[in-house]
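The values are calculated or read from the model by the stated rules, or taken from the named source; none is laboratory data. Since the structure is predicted, the reported quantities are computational estimates derived from the model, not experimental observations. No Cβ is skipped: glycine too gets one built from the backbone with ideal geometry, and neighbour counts run over all protein chains shown. Surface accessibility is based on the protein's heavy atoms, side chains included, excluding ligands, DNA and RNA. Shrake-Rupley method; radii C 1.70, N 1.55, O 1.52, S 1.80 Å.
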Amino acid sequence: MTVKKSDINHICDLSKLRIDENEISTFTKQISDILNMINELEEADTDEIKPMAHPMNMSQRLRKDEVISNNDRDLFQKNAIDSEDGFYKVPKVID
Amino acid sequence: MERFTLKKLIHMISQREISSAELVSIYFQRIKKYDHFINSFITLNQESAEEQSLIADKKIQAGNYDLLTGIPYASKDIFCTKGIKTTCASKMLENFVPPYDSTVINQIKNSGAILMGKTNMDEFAMGSSNETSYFGPVYNPWDLERSPGGSSGGSAAAVASGIIPIALGTDTGGSIRQPAAFTGITGLKPTYGRCSRYGMIAFASSLDQAGLLALTAEDIAIFLEAMSGFDPLDSTSVEELVPQYSDSLHNSIAGKTIGLPKEFFNNSLDTESQRILNQGIEIYEKLGAKIIEISLPNVGYSVPTYYVVASAECSSNLARYDGIRYGYRDGDAKDLDDLYRTNRQIGFGDEVKRRIMTGTYVLSAGYYDAYYLKAQKVRQLISNDFEEAFKEVDLIIGPTTQSPAFNIGEKIDDPVSMYMNDIYTISSNLAGLPALSHPVGFIDKLPIGMQLIAPHFQESQLLNFCHLFQQETDFHLQQPQAFLDD
Amino acid sequence: MKWETVIGLEIHVQLACESKIFSSSSTKYGMPQNTQASLVDLGYPGVLPVLNHQAVVMAIKFGLAVDAEIAEKSIFARKNYFYPDLPKGYQISQYELPIVFNGSIEIPINDKSMKTIRITRAHLEEDAGKSIHDKFDNASAIDLNRAGTPLLEIVSEPDLSSSEEASTYMQKIHQLVRYLKISDGNMQEGSFRCDANISLRPLGSNVLGTRAEIKNINSFKFVEKAIEFEVERQKAILEEGESVIQETRLYDSEKNETRSMRSKEEANDYRYFPDPDLLPILVEKDLIKEIKKELPELFDQKVDRYIKQYSIRKVDAIEIAKNVDIAEFFEDLIHHFKENYQQAANWLLSELMGYLNKENISITDLTITADASAELLQKIHENVVSTSMAKIILKQLIETNDSVDEIIETQGLKQISDSGQIEAIVMEVIELFPDQRDQYLSGKQQVLGFLIGQVMKKTSGKANPKMVNQILLEKIEEYRRR
């Protein structure tokens, strides 16, 4: 199975990646190889099988509704390259 | 140069033969002397470690200390460590300093052990050779032209070379066991949910587990107690009591049954490996175990199943890396889309990109049923196979890898060939089972490993079997040549 | 060509939990930017979600109140897309197995009939943060305080056929979530937001037309207006023979129009899959039973009860029960004042609500207790004060800390109900205004009002008006006999 360059471009759009022109062919081939390998799954007989939700058959534990303040804005924002006045900044978005 | 086991170090401390400060100093000397050969460390925590060792010594002198007080260890650079750079071997997190400790790190801190540094790994844990690291590859101490395996290559190489006694790793598809096999040491991946994932940077959430690389099963048993246990911050953490793993190491295994999956011992293994493994199996027989053949009929689908599930999960887990709140950020972005794409193009390496792309593809409209849903069904099949098998046997044995360590550069351009490295290890991640690799022999002077797989939460059994094996053999005591000159 | 309007509403309700749905941060509104955003909310490397118990309970309460099915097992799924106010690059929501499904609610469509609106599902999810575009010149500002706030998304079938029905449905849901106390429904603060899916089809057809989605409508009035505009817009397109584009639009309340949202134009492939960091939610039958037992009385039951138990007029019962806070105040009031429930209702609706509306405050901001109000009512009932005096007392009660008795005392507001006293003043007035007296006696009945007014003036409004009326009539008739 081969993926086309247009598929690669679409995937990059969805995942906000960018592949340079000179690399697209390589990536296209590599992803195709990977998908070929993955396609072996088709042969498995999964007719009556339910998909696995979790390796351990457990249910979600519920947390008590209480506030535990774990906020340290200034410390956290040391990791952000562009922040001002307590806000995170991004290029202007027009809705 | 002697590679001290954890047990030996604990003994020396308790006998006051050595102080923690001296230990820390010795190991930093070793790191300084040898790490440039193997490139196993990304960050060293020297100043803090030295301070901690002085505090540890006071406690030891006062007679008020715990088993691991003052003992040095290293952590794969995937565990968030407060105030200490945590990079995941990626440019994306090159300068990231977490404002918090992961739960496992915190637990170990409370046990008294001292963090010496953060070890090199495949970028975001994606790889089987430690060649995808932004900080350069790790070199196998047995042969510096070979890979130590991955993704916990740094931890493996550091322990194997004796520059650190024990190290944390993570295992998603074999990333502890395969490097342990390639470097001649012992590596354990616990049951899924045994150790907290909080603070362990996520690759594939339903497969990732924290584990250990050390020289012996005994060492792992001691350290595992400290890092295991329920964590309310991790919804997938299991409320299962943590046993005293050290207590059951010496139990007899007479009467236990070991299963050999026929699918593991077919033609994919070369004759020499087959022979060495058989020798290993004979030792377990000698120790009293019964050997029978079993079948895991769907285990052959492990690799494709894994690559669907792991890629899908990682494509989503890595969406948070956009440079806005932390991480690499390009200064010249024209608009929001440009910001995202540039940050991620520059921040991520090729393997990470490939996995994100594969994951995005298998989850995308029209493909979900054929890929993701199908893979989760096959995953259930594989898990069922193990469940059936464990009705007949107490433990399953198989190879860890197809061959000894390969050359650096040999497989990096052929992703699928690289993925096949995990063929024996992946299925235990899919089923959430605990698994261990220990040295079993040598081919052309390169170590090879043998893998043990146990039912859920039976780490004690794995460690018990391995410990007895290591009392009978000395494969685990062999040291890489390059480091014997001290 | 006659067109039929087909509308479905998606309502996002912020649940009134103390902490967020997957982290322990506070959900308090209006705090300084990013001071309620923990590492989990910020999507830091290595963090993990843990589900808030109260969010589950509140979702179940809603499900029970709309006769829906509560899923024994429901799953959280990741909705993957990139936006700066979505820190993880995915929203944790529910997709294939929501916690509540197959419910319905009745809405009045005119004075006589009710219409059933089916509720397809209600599911739990986390809210995103906020982007503010006018804070900086060359950048958008991101505040993640809101990221992780628990939301219940309520999705209706496209059973609504007009903008009025949509507004009524929206109001009914609003009332319900406030009754259940699962949300404060504060639309100004964003606790209650509505998206409308609107399409047209030829009358009689049962094939759905292409729909447009109008996002983030935050008032009942706007939902009507937005729908009206959109229906006209789509009608115009279809009558040209063109097709409506399936897209997301925003309602501009100033211009009263909807317009296309540029940034979300590309069809988004959200790649939903079950969130591997969370496990399936298993709801036990016992929990459902327990919650059902503790469900508060809802609107319809309350109206019924007011009519049957307290003999309140239906129209008044509806007016009081409309707002759960008013209903609760009323019930507290009549707990203390049992003489005449209808009188209490009247007083509440005209006097108290009158005051609140004039001052533009809500009943929850009221500083006086139902207790004190009951005292006042008692005085009115016993004719100790007149209605106009009561108005003055009410204002004083609210504005000061004094009790009813204290106010009556200090302001001398006690009503004069002594017939001797009133008689004397009445006689005075009749003597003072002989012309008007004669006018009345010659048939101009309306002049009585003037005379009553004079008596009230002389008593500074304190005379019991009924008695004044009665005594004045008596005395003035006596003149006739002279």
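Just a few scattered comments:
- Elements of type helices (runs of 4 or more DSSP H) in the range C:335-444, at least 1 residues being modelled with pLDDT under 90: C:353-359, C:370-381, C:387-399, C:404-411, C:419-432, C:434-441
- Residue B:23 vs. criteria open to solvent by less than 20 Å² (accessible area, probe 1.4 Å) and either assigned to a strand (DSSP E or B) or in contact (Cβ under 8 Å) with a residue 60 or more places away in the chain (or both): no
- Residue C:40 vs. criteria within 14 Å of another protein chain (Cβ to nearest Cβ), open to solvent by less than 40 Å² (accessible area, probe 1.4 Å) and in a loop (DSSP other than H, G, I, E, B): yes
- The one condition in (1) more than 7 Å from every other protein chain (Cβ to nearest Cβ); (2) at pLDDT 95 or above that residue A:32 fails to fulfil: (2)
So that you can scan it fast, the table gives a plain yes or no per residue for (1) away from chain B (no Cβ under 14 Å); (2) over 24 Å from residue A:57 (Cβ atoms); (3) part of a loop (DSSP other than H, G, I, E, B); (4) touching a Cys at 6+ places or on another chain (Cβ under 9 Å):
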residue	(1), (2), (3), (4)
C:79	no, yes, no, no
C:82	no, yes, yes, no
C:88	no, yes, yes, no
C:92	no, no, no, no
C:96	no, no, yes, no
C:103	yes, yes, no, no
C:117	yes, yes, no, no
C:120	yes, yes, no, no
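- So residue B:439, is it under 15 Å from residue B:275 (Cα atoms) and either more than 11 Å from chain A (Cβ to nearest Cβ) or among the acidic types (Asp, Glu) (or both): yes
- Within the range C:60-76, the residues that satisfy the criterion of being open to solvent by less than 10 Å² (accessible area, probe 1.4 Å) and within 11 Å of another protein chain (Cβ to nearest Cβ) are C:74, C:76.
- Pairing each residue of the range C:469-480 that is exposed (fewer than 14 other Cβ atoms within 10 Å of the Cβ) with any residue that is at pLDDT 85 or above, provided the two are 6+ apart or on different chains, yields C-beta distances under 6 Å for C:480/C:441.
- Test: residue in the range C:431-449 that is outside the structural domain of residue C:385 (by TED's automatic domain parsing), open to solvent by 30 Å² or more (accessible area, probe 1.4 Å) and farther than 21 Å from residue C:481 by Cβ: yes
- Odd one out for residue B:377 among (1) at the interface with chain A (Cβ under 7 Å from one of its Cβ atoms); (2) touching a helix residue (DSSP H, G or I) at 6+ places or on another chain (Cβ under 8 Å); (3) free of Cβ contacts under 8 Å to residues at least 60 places away in the same chain; (4) over 15 Å from residue C:89 (Cβ atoms): (2)
- First in the range B:230-245 and more than 7 Å from every other protein chain (Cβ to nearest Cβ) and under 20 Å from residue B:199 (Cα atoms), second anywhere and surrounded by fewer than 17 Cβ atoms within 10 Å (Cβ to Cβ) and of a type in the set (D, E, K, R), Cβ under 9 Å, 6 or more apart: B:230/B:239; B:230/B:240
- Close pairs from the range B:2-14: first without any contact (Cβ under 8 Å) to a residue 60 or more places away in the chain, partner of a type in the set (A, V, I, L, M, F, W, C) and open to solvent by less than 50 Å² (accessible area, probe 1.4 Å), Cβ under 9 Å, at least 6 apart: B:12/B:4; B:12/B:18; B:12/B:23; B:13/B:23; B:13/B:56; B:13/B:60; B:13/B:71; B:14/B:60
- Qualifying helices (runs of 4 or more DSSP H) (wholly inside the range B:260-358; at least 2 residues being over 30 Å from residue B:462 (Cα atoms) and within 12 Å of chain C (Cβ to nearest Cβ)): B:302-317, B:336-347
- Residues that are closer than 30 Å to residue C:52 by Cβ, open to solvent by 20 Å² or more (accessible area, probe 1.4 Å) and either more than 9 Å from chain B (Cβ to nearest Cβ) or at pLDDT 95 or above (or both) do not occur anywhere in the range A:45-53.
- Once the range B:96-116 is narrowed to residues that are assigned to a loop (DSSP other than H, G, I, E, B) and free of Cβ contacts under 8 Å to residues at least 24 places away in the same chain, the residue that is nearest to residue B:344 (Cα to Cα) is B:97.
- In the range B:13-59, the residues that are in contact with a Ser or Thr (Cβ under 6 Å, 6 or more places away or on another chain) and closer than 15 Å to residue B:113 by Cα: B:20, B:21, B:24, B:53, B:56, B:57, B:59
- Residue within the range B:366-373 that is farther than 25 Å from residue A:39 by Cβ and open to solvent by 10 Å² or more (accessible area, probe 1.4 Å) present: no
- The range C:1-28: number of residues that are of a type in the set (Gly, Ala, Ser), in a loop (DSSP other than H, G, I, E, B) and open to solvent by less than 20 Å² (accessible area, probe 1.4 Å): 2
- Matching residues, the range C:127-161, being at the interface with another protein chain (Cβ under 7 Å from one of its Cβ atoms) and in a strand (DSSP E or B): C:131, C:139, C:140, C:141, C:142, C:143
- One residue stands out in the range C:148-189 among those that are more than 26 Å from residue C:291 (Cβ to Cβ), among the acidic types (Asp, Glu) and at pLDDT 95 or above: the one that is surrounded by the most Cβ atoms within 10 Å (Cβ to Cβ), namely C:165.
Condition check ((1) open to solvent by less than 10 Å² (accessible area, probe 1.4 Å); (2) over 21 Å from residue C:194 (Cβ atoms)) across all residues:
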residue: C:109; (1), (2): no, no
residue: C:119; (1), (2): yes, no
residue: C:124; (1), (2): yes, no
residue: C:128; (1), (2): no, no
residue: C:131; (1), (2): no, no
residue: C:135; (1), (2): no, yes
residue: C:140; (1), (2): yes, yes
residue: C:146; (1), (2): no, no
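- Test: residue in the range A:66-79 that is open to solvent by 70 Å² or more (accessible area, probe 1.4 Å), closer than 20 Å to residue B:372 by Cβ and modelled with pLDDT under 95: no
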